[in-house]
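Report on one structure; see the data block that follows.
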Amino acid sequence: MAIPFIIGAVAVAAGALGVKKGLDAKEDFDRAERIGKRAQRKHEEAIGNLDLARKNTNAALEALGKAKVDVFHHQFKFLVDFCKKLKGNSTAKLQGFDQMINPITLKEMEKMVSVALELDKTIGSSAVGGALTGLAAYGTVGIVGTASTGTAISALSGAAAKSATLAYLGGGSLAAGGLGMAGGMAVLGGAVLGPALAIGGFIMASKAEEQVTKAYNYEAKVDKAVAEIDTSLVYLKGVRTNAKEMENIILNMVQRFEEAKVTSVYESETKIEKMLALGKALKMLLDTPILTTDDNPVSDLSERINKAVSSTGFLTYGDKK
């Protein structure tokens, strides 16, 4: 009667094999889950870093835009009024006045003052946000080439709306006719949307050994997405660096202008000339874009800034007070 013992032994062996397969399967399940969750954490961290960079870059552009509008309001308005008084006073003529602040430059300054006043009336609107961002990124080209104040604001906000970068940063809202943030994300880097989170899918796969393979495939997709996000981070840093550099030099030149400012047309020609030279340099700085037409950070910004500052005849970029 050995048969029952044989059957029993076979059953025990089969049971042991089943237990081993079960343990192997569980180990594969656990391994796949660890790989997937690790990749997911990596992607979430990268998205968090990108969102922070987006907010910081947008803030830098807004600060630059506001700094430029402040110059419109104060220094340019003062210059426009002063130059009108200077030209209208026959006993207070300045040699080479038209070469210092020519009629075209003066007219452009007048338009900028009007734009600043118009922006004040519509503060908080999507058009204003887009105009500030466009002004920061592309300089005053959207103002001087338009027929009216309203058209100038529309041109600035329109430029922001059509830019994938500024759409992503918040300057090209759908309300302003732009791509919106989603469109900006898609153009700037689809990686921000990330690979489809298929962790649940591969954990529930019928064959345990397939799960590890699927988990590694998912991790590879995440690594590719994170690499694209890293590229976007470098790009946004370039935009942010340019915005901060331009804002700092504008604020520095504003301080120098205020210190050199004269209120009387009967002041010495030397003092008036210095103030006008600083005003002209300010205008050149505000005209200077920090992004190219294809939305790349201007690579020679320091050289362009130095050209504007050196136009004063007595300053160079990097001069300290």
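The values are calculated or read from the model by the stated rules, or taken from the named source; none is laboratory data. Remember, predicted model here, so these are calculated numbers, not experimental data. Ideal geometry is used to build each Cβ from the backbone, glycine not excepted, and the neighbour counts take in all protein chains shown. Note: areas computed on protein heavy atoms with side chains; ligands, DNA, RNA excluded. Shrake-Rupley method; radii C 1.70, N 1.55, O 1.52, S 1.80 Å.
General remarks:
- Under 12 Å, Cβ to Cβ, from Thr231 - net charge with Lys/Arg +1 and Asp/Glu -1: 0
- The chymotrypsin sites (Phe, Trp or Tyr not before Pro) found in region 224-321 that occupy coil by DSSP, while having at most 14 further C-beta atoms within 10 Å, are Tyr266, Phe314.
- Other-chain or far-sequence residues with amide H under 5 Å of Val298's (modelled H): Leu291, Thr292
- For region 204-261, the solvent-accessible area works out to 53 Å² per residue, with a probe of 1.4 Å and every protein chain left in place.
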